[in-house]
1. Pairs needed: first member in region 141-162, within 15 Å of F65 (Cβ to Cβ) and part of a loop (DSSP other than H, G, I, E, B); second member anywhere, open to solvent by 30 Å² or more (accessible area, probe 1.4 Å) and within 16 Å of ligand 1 (Cβ to nearest atom); C-beta distance under 6 Å; at least 6 residues apart or different chains.
2. Output the number of the condition that K239 fails; it satisfies all remaining conditions of (1) at negative phi; (2) open to solvent by 50 Å² or more (accessible area, probe 1.4 Å); (3) over 21 Å from the mean Cα position of the chain (by Cα).
3. Tell me, which residue of region 34-58 that is open to solvent by 20 Å² or more (accessible area, probe 1.4 Å) and among the basic types (K, R) is farthest from ligand 1 (Cβ to nearest atom)?
4. Could you list, ordered by first residue, the pairs with Cβ atoms under 8 Å in which the first is in region 28-53 and closer than 23 Å to Q4 by Cα and not assigned by TED's automatic domain parsing to the domain that holds A83 and the second is more than 7 Å from ligand 1 (Cβ to nearest atom) and open to solvent by 30 Å² or more (accessible area, probe 1.4 Å), at least 6 apart or interchain?
5. Out of D323, D335, D365, D353, which single residue is in contact (Cβ under 8 Å) with a residue 60 or more places away in the chain and over 23 Å from the mean Cα position of the chain (by Cα)?
6. Taking the options R52, R41, name whichever one is basic (K, R) and at pLDDT below 95.
7. I need a count of the residues in region 129-162 that are within 16 Å of ligand 2 (Cβ to nearest atom) and β-branched (V, I, T).
Amino acid sequence: MKNQVGPPVTGNDFFGRKKELLQAWDLLDNGNHLLLPAPRRVGKTSFVLQLRKDAQKHDWKAIYFNVEDGSDETGFMRMFVDALKKEENWFKKNAKNTFDSIGKIMSSLEAEVEVQGVKTTLKWSNAAKSDLKRELEKLLEDTGKCLIIIDELPVLLSRLANIPEGKGRVGDFLHWLRSFRQNPDSEIRWIFCGSISMDTFAERLGITKTINDLYSFSLGAFGEEEARQFLQQLATDQKVAMSAEVQEALIKAVGWPLPYYLQLLFAQLRFIHNQPNGLVLTPEHVTTAFERASDSSNLNTWIERLEEQLAPTDAKWAKNLLDTLCVKEKGFRRDQLEQVLVRNNVTPEEAKDKTAFLLKTLTHDGYLIEHTGEYGFRSPLLRNYWYKQRLQ
Ligand SMILES: Nc1ncnc2c1ncn2[C@@H]1O[C@H](COP(=O)(O)OP(=O)(O)OP(=O)(O)O)[C@@H](O)[C@H]1O
Ligand SMILES: [Mg+2]
């Protein structure tokens, strides 16, 4: 197993998750569509890639595509169709005609037309939508049990929501996708995941109805035993001698054993270990590794994604709350946090609403955890990173 810190892991580098994989297959076999609203960096993409890999064993077909580079409905469709085209052997010979029809509809949507002297592309109209739906259903009716796994759809939809009339288009598009899932005879199952959760996104736009048929599947950090086995496997494969005491110290230091945090800290320990004179690792080295990992740019995503996901003022207030929280291990009560916003000239009423919304979002996304009425950073590693980046 490689000590891979960042990109999705596959094959031998994918560790554990046996219970969750079984659960996911059980849900899919029972006719559910899945939503993975897990916090960032939990290992969602790696997990769904493993589902795709295991699909054949379970007698399913599966495609995966990531739409984060797309900006609208047509962009989504292009990526969907490209993913389907790679699986030519799934379809009967006459599928070529269906692909051609889809291609024609797409070209008509992408072609520039001149309306009153202004060049524009045709709208994703009702007619185009139902034509595409009909052709896609025709294509997919022969595939049998098939998983369609879509990563990062909310990134594409956020982009679409930001253009004039975009919010309505997002709602229409999600309704259109939902309409595929309403066919009781269909053997297609859909899985949605991404670094921005679809449910938070849909809630913010007031369109939760468009995804209320998806089963919310929770993927969390590793359990303690799984984390120990994972470190043991990494240590063996990477030839890093690591006592049980050092492993315990590492798990304690991350606080919340996300595979990503474990990989990050392990990488720092590995650098310390791989000295020419063959150093013996001790818990003190874990402290050094912890400080170095908190300094690294690997965790920048936790700052950047607030700006991507939230409106500018909400992102500013979220940072204010996290600045306040990073200096206190135990955390603060909600009413104390409301005062942080009040001190930033927010009215008490608005501070109440905003604090409620932001605490929910930050908890959901793995920044914070609530314990006996107090909110604090979920992982000491992230808290230390935040402190170093923002206050030190
Ligand atoms: N099952 C696993 N085994 C080993 N390492 C893992 C596993 N899952 C995740 N990781 C670690 O976490 C990192 C991120 O994984 P992945 O890209 O799957 O997360 P993600 O939840 O999709 O992240 P994002 O929210 O940014 O899209 C990997 O590079 C790896 O270090
Ligand atoms: Mg991902």
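The values are calculated or read from the model by the stated rules, or taken from the named source; none is laboratory data. What you see is a predicted model; the values in this text were computed from it and never measured. Glycine also receives a Cβ, built like all others from the backbone with ideal geometry; neighbour counts cover every protein chain displayed. Keep in mind that these areas ignore ligands, DNA and RNA; they rest on the heavy atoms of the full protein, side chains included. Shrake-Rupley method; radii C 1.70, N 1.55, O 1.52, S 1.80 Å.
1. Every condition considered, the pairs that remain are E152/N66; E152/E68.
2. The single condition K239 does not satisfy is (1).
3. Ranking the qualifying residues of region 34-58, first place goes to K57.
4. Taking only residues 6 or more apart or on different chains, not a single pair turns up.
5. The unique qualifying residue is D323.
6. R41
7. Number of matching residues: 3.
Results for (1) open to solvent by 10 Å² or more (accessible area, probe 1.4 Å); (2) in the same structural domain as Q309 (by TED's automatic domain parsing); (3) within 16 Å of ligand 1 (Cβ to nearest atom), shown as yes or no for each residue.
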position: R134; (1), (2), (3): yes, no, no
position: L139; (1), (2), (3): no, no, no
position: C146; (1), (2), (3): no, no, no
position: E152; (1), (2), (3): yes, no, yes
position: V155; (1), (2), (3): yes, no, yes
position: S158; (1), (2), (3): yes, no, yes
position: A161; (1), (2), (3): yes, no, no
position: P164; (1), (2), (3): yes, no, no
position: F173; (1), (2), (3): no, no, no
